[in-house]
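To start, the structure under review is shown below, and the notes come after it.
The values are calculated or read from the model by the stated rules, or taken from the named source; none is laboratory data. Predicted, not measured: the structure shown is a model, and the values here were computed from it. So basically every Cβ, Gly included, is an ideal-geometry build from the backbone, and we count neighbours across all protein chains shown. These accessible areas exclude ligands, DNA and RNA; they are computed on the full protein's heavy atoms, side chains included. Shrake-Rupley method; radii C 1.70, N 1.55, O 1.52, S 1.80 Å.
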Amino acid sequence: MKIHHIGIAVESLSVAIPAFEKILGRAPDSQETVADQKVRVAVFNLSGSRIELLEATSPESPIAKFISKRGQGIHHLTLSVQGLAGRLGELEQGGIRLIDREPRAGAGGEQIAFLHPSSTTGVLIELVEEEGE
Ligand code: ZN
């Protein structure tokens with residue numbers, strides 16, 4: 001299992017991108033708006049994982065709600081797994097509360113599912129089906 005990406009909730013990409021450009025030494029690899037999650041995303045690819053800066057595009061966005069409750073910072077951690085649907089069943093049997101009991105399509109069409117932070121010491125964890133090599 002490896003870290004696929006880390007999502008960071010930011011108030012403003014126009015402030016956060018220059019800060020991460022200084023830290024990482026280069027511009028983001030891509031930017032996109034994910035309409036159904038009401039976020040604008042800037043992606044910095046690292047070796048084997050990536051950092052996603054997430055800016056809300058609406059007060060209804062989960063990112064806007066997160067920032068108003070907890071401030072800017074790490075929003076979720078994403079792990080890549082093999083056999084996502086089966087893993088979800090095992091986790092639920094093991095007492096982990098799930099947000100998504102079945103995999104669903106995330107940005108870019110990958111199969112994803114979220115675990116509930118009440119079962120993960122407050123960290124929102126996203127699982128993504130590992131792409132075939
Ligand atoms: Zn994510």
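Couple of notes before you dig in:
- In segment 2-129, the portion of solvent-accessible area held by carbon and sulfur atoms comes to 53 percent [1.4 Å probe, whole percent, DNA, RNA and ligands not counted].
- Mean sequence separation of contacting Cα pairs (under 8 Å, at least six apart), scaled by the length of the chain, corresponds to a relative contact order of 24 percent.
- Solvent-accessible surface of the chain, taken per residue with a 1.4 Å probe and all protein chains present: 57 Å².
- Residue of I23, I63, I112 that the Gaussian network model of the chain assigns the largest fluctuation, springs spanning Cα pairs under 10 Å: I23
- Other-chain or far-sequence residues with amide H under 5 Å of H5's (modelled H): R50, T78
- Simple label model, 7 Å out from Cα along Cβ direction - L77 to E131, nm: 2.4 nm
- Degrees, to the nearest 10: 13-24 long Cα axis against longest axis of the chain: 80 degrees
- Between segment 29-44 and segment 64-133, the alpha-carbon center distance in angstrom: 18 Å
- For the chain, built as a Gaussian network whose Cα springs stay under 10 Å, the top-fluctuating residue of G108, G48, G86: G108
- Of all the options L84, L54, L24, the one that moves most in a Gaussian network model of the chain with Cα springs shorter than 10 angstrom is L24.
- 3J(HN,Hα) from dihedral phi, segment 110-125, Karplus parametrisation 6.51/-1.76/1.60, rounded to Hz, x for glycine, proline: 5, 7, 9, 7, 9, 9, 7, x, 5, 9, 10, 6, x, 9, 6, 10
- Considering the chain at the alpha-carbon level, its Rg and Dmax are found to be 14.9, 44 Å.
- Listed by chain and number, the aspartates and glutamates placed with their C-alpha closer than 16 angstrom to that of K69 are E11, E55, E60; residues fewer than eight positions away on the same chain are left out.
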